[in-house]
Amino acid sequence: MTTIFRRNPNDPITDEVLKTLTEKEWLVTNGLGGYASGTLGGTLTRVFHGYLISALPSPLGRTMMLNDILENVILSDDTHVRLNGECTAHGEYSGGSKYLTSFRLENGLPVWIYEIANVSIEKRLVLPHRQNTSYVNYRMVAGSGPLKLLLRPAVNMREHEAPVSTPLTPYALTVRGSRYELTREDGGIPPLRMMLLGKEANFWIDCQAIRDVVYSIEKSRGYIYQGDLWSPGYFTIEVDPRHDATLVASTENWDIMACLTPRQAWDTEQERKRRLLVEAHPSACRDVCKELVWAADQFIFNPVGRQEDTARARAAGDEMRSVIAGYHWFTDWGRDTMISLEGLTLVTGREVEASYILRTFAHYIHDGLIPNMFPEGKKSGLYHTADATLWFFHAVKRYVDYTSDTHLLKHMLPRMLDIVGHHLRGTQFNIHVDPGDGLLVQGQEGYQLTWMDAKVDDWVVTPRRGKAVEINALWYNALRLLEKWLRDAKRTGEAEGIAEHAAKCRDSFNKRFWYEEGGYLFDVVDKEGGGDDSSLRPNQLFAISLDYPILDKSRWQPVLAVVRDNLLTPVGLRSLAPGDPDFKPRYDGDLRSRDAAYHQGTVWGWLIGPFIDAWLKVHPDDLKTAQSFLDGFKGQTRSACVGSISEIFDAEPPFSPRGCCAQAWSVAEVLRCYTKVQTKESVAEQESELVASGR
């Protein structure tokens, strides 16, 4: 149990308390890409906040179904008390209820405590795994009661990223006994099905439009920030120490909704969460890592929207699996998935799902590339990436190291040869090997093909066209991995050919990328238009950190020192060194301002992974320092999205969390590194004990 917020009910709501209740968010996912999310105090601040965002088949994709539940307690004197904050005449929420005294996570699931007079009400929320269903439970945990709850569902059913100003369409309410269906009359979206379980449950038709609700985060980010919600009426129900109440909302059919009681829904998910810890690597269940195991679970999903591909996978005896790159707005991205695979699935003991993920992306290989990303509600991916496919080799290597699954490796080998062949001959987006020096070139007008991928309209903020440092580090690593796998398969002739390409690439890299004046590596050489880019960025770390480092060992120490001195922060690495003319210390403002800063100084949490990998190669015995690089992340699971880690942070103190409040590769790399360092510490302690005992 993790307590995030606690206050005495008699204390006033200070600005600090209000900030906590309106800025910290909770997230519950369902393994399908759907979720529920909101602020601790109940304020809607994002377009993505709601009690049920369902993952629906293409072309719908994720869809906002139940935006809010307006919660009131009716006291014995008929006084109505609002639980989740008051709403002003201008649609702005007050931000938090004076009755909220505690918020905690139980195995990653949110629990609220409200204290009114002599009564304490506990609220819980759970989404059963692989169901588009939300259970919101209320029970009396102190006091004699009874009291009455008034719960008003409020909706604006719309596409996931549709603006909050999306006009309300007419809704039809159908009632059959205690079952309620709310349907958009224009069709196209499945009905929202609701039922209220408990004592003396009733529904009162009282149609209302809730006008001009203000979403403060959308406002601060320069988006449309006012919109309307609609309610068909409200539920009332009695609650006492023996009888709780549960509002069930779903886009599943009624039989699915009825298969679990509220208690079973909660207990089943709690048991699943406990099982995740049992199956995880022992070092992943210590300290903050326990929370990160549950956080990792939120990103692994079954992309049910791509129904044809799901059918194909099942016909082959497989299952579709992928990784949501970040909440709330990302879908599955190839690059993020491959970088995150080890931390999300292998460290957590989910090797079978890791194999499903690799097979899923192998199916999508086209012209030697895996997809960069899958747009919301689409059946096919977009391929504008030069590095995701090379990270695929890295992910396969880590999977095989954990599992010794030679069958999957045998299955992947022809695909990897095809990938390398396409890169040698040239593939989409001008991705090709320069025959003169063996280095990999990438870049096409209007596209950003590396992970530094910010783009506003036609402006590519960090174009990096040419021979990028991490692209060539990844290319060399992929070649050496393929060479080894071919040798293991007794395909010596093919292995020798690959080895020649790798040797040429390494020789050219060490001649071309060393920036003598700065004592580090160029970020890009042979830029489009000529010249080399000496911007001090973290991308050079991959020349050391990967399984097959391309950089000559004599230069590891100076590169690592420059990166540590200029880019390292308590929560990851800056994307550009302070002092550079393009350096931006803060990531805020409208979309153009944010994207201008996205890779121009902004700190990325996931980069702590390659930094620690490089550190342990240069300082293999300095585990204490390696561990210290992770200390700044311990408080992050209490920060933006409680229980998870944000995508990015400001480049200067206090390093405020920004971007997605829960990001897959941030969680994955921190969890992986915690486990790696702790495992090495355990081995070192065992060896020390053996030496001390004389054995």
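The values are calculated or read from the model by the stated rules, or taken from the named source; none is laboratory data. Because the structure is predicted, anything quoted here is derived from the model rather than measured. Using ideal geometry, Cβ is built from the backbone for each residue, glycine included, and neighbour counts are taken over all protein chains shown.
Structure notes:
- Yes/no for V278 being on the phi < 0 side of the Ramachandran plot and touching a Leu at 6+ places or on another chain (Cβ under 9 Å): no
- The residue list T403, T427, T462 contains one member that is crowded, with 21+ Cβ neighbours inside 10 Å, among the β-branched types (V, I, T) and touching a residue at least 12 places away in the same chain (Cβ under 8 Å), which is T462.
- Within the range 242-297, the set of residues being out of contact with any strand residue (DSSP E or B) (no Cβ under 9 Å at 6 or more places or on another chain) and of a type in the set (D, E) comprises D255, D267, E271, E279, D287.
- For the range 365-390, the set of residues classified as assigned to a loop (DSSP other than H, G, I, E, B), touching a Leu at 6+ places or on another chain (Cβ under 9 Å) and of a type in the set (A, V, I, L, M, F, W, C) consists of F374, A386, listed by residue number.
- Considering the range 328-359, and only residues there that are within 19 Å of the chain's Cα centre (by Cα) and of a type in the set (S, T, Y), the residue that is surrounded by the fewest Cβ atoms within 10 Å (Cβ to Cβ) turns out to be Y356.
- Note on the range 462-563: enclosed helices (runs of 4 or more DSSP H) holding 2 or more residues that are within 22 Å of Q448 (Cβ to Cβ) and within 33 Å of the chain's Cα centre (by Cα) are 469-488, 542-545.
- Filter pass, E115 being part of a strand (DSSP E or B), modelled with pLDDT of 95 or more and acidic (D, E): no
- Helices (runs of 4 or more DSSP H) fully within the range 246-353 counting 1 or more residues that are within 21 Å of L630 (Cα to Cα) and at pLDDT 95 or above: 289-297, 334-341
- For the range 564-583, a residue qualifies if it is polar (S, T, N, Q) and either out of contact with any helix residue (DSSP H, G or I) (no Cβ under 7 Å at 6 or more places or on another chain) or part of a helix (DSSP H, G or I) (or both), and the qualifying residues are N566, T569.
- Of residues in the range 633-650 being under 15 Å from Y327 (Cα atoms) and of a type outside the set (S, T, Y), the one surrounded by the fewest Cβ atoms within 10 Å (Cβ to Cβ): A640
- For the range 584-618, a tally of residues being outside any helix (DSSP H, G or I) and either at pLDDT below 95 or closer than 21 Å to L546 by Cβ (or both) returns 5.
- Leading residue by the ranking (farthest from the chain's Cα centre (by Cα)) among those in the range 365-383 that are modelled with pLDDT of 95 or more and either surrounded by fewer than 21 Cβ atoms within 10 Å (Cβ to Cβ) or β-branched (V, I, T) (or both): D367
- Cβ pairs under 7 Å, 6+ apart, first in the range 170-196 and closer than 13 Å to A154 by Cα and of a type outside the set (A, V, I, L, M, F, W, C), second modelled with pLDDT under 95 and surrounded by fewer than 19 Cβ atoms within 10 Å (Cβ to Cβ): Y171/E185
- The listed residue being hydrophobic (A, V, I, L, M, F, W, C) and modelled with pLDDT under 95, out of V396, V456: V456
- The residue list T246, T236 contains one member that is polar (S, T, N, Q), within 32 Å of the chain's Cα centre (by Cα) and either farther than 18 Å from N72 by Cα or crowded, with 17+ Cβ neighbours inside 10 Å (or both), which is T246.
- Scanning the range 619-677 for residues that are polar (S, T, N, Q) and either in a helix (DSSP H, G or I) or more than 24 Å from H49 (Cα to Cα) (or both) yields T625, Q627, S628, Q636, T637, S666, T675.
- Only listed residue being out of contact with any Pro (no Cβ under 6 Å at 6 or more places or on another chain), under 18 Å from L573 (Cα atoms) and not charged (D, E, K, R), chosen from S508, S545, S535: S535
- With respect to the conditions (1) touching an Asp or Glu at 6+ places or on another chain (Cβ under 8 Å); (2) assigned to a helix (DSSP H, G or I), V441 falls short on a single one, namely (2).
- Some residue of the range 174-183 being part of a loop (DSSP other than H, G, I, E, B) and either surrounded by fewer than 16 Cβ atoms within 10 Å (Cβ to Cβ) or polar (S, T, N, Q) (or both): yes
- Search result, residues across the range 373-390 that are in contact (Cβ under 8 Å) with a residue 40 or more places away in the chain and closer than 12 Å to W333 by Cα: M373, F374, P375, E376, G381, Y383, H384, T385, D387, A388, T389
- Any hit, the range 541-552, residues being charged (D, E, K, R), at pLDDT 95 or above and crowded, with 16+ Cβ neighbours inside 10 Å: no
- Test: residue in the range 198-207 that is closer than 28 Å to V175 by Cα, outside any strand (DSSP E or B) and out of contact with any Cys (no Cβ under 8 Å at 6 or more places or on another chain): yes
- Number of the condition not met by R415 [criteria: (1) within 13 Å of L390 (Cα to Cα); (2) buried (at least 23 other Cβ atoms within 10 Å of the Cβ)]: (2)
- Every residue from the range 511-532 that is charged (D, E, K, R) and either at pLDDT below 95 or over 14 Å from L573 (Cβ atoms) (or both): K511, R512, E516, E517, D526, K527, E528, D532
- Note on the range 385-402: residues that are among the β-branched types (V, I, T) and in contact with a strand residue (DSSP E or B) (Cβ under 6 Å, 6 or more places away or on another chain) amount to 1.
- Any hit, the range 221-235, residues being without any contact (Cβ under 8 Å) to a residue 12 or more places away in the chain, among the acidic types (D, E) and in the same structural domain as T43 (by TED's automatic domain parsing): no
- Scanning the range 465-495 for residues that are in contact with a helix residue (DSSP H, G or I) (Cβ under 6 Å, 6 or more places away or on another chain) and free of Cβ contacts under 8 Å to residues at least 40 places away in the same chain yields E483, R487, A495.
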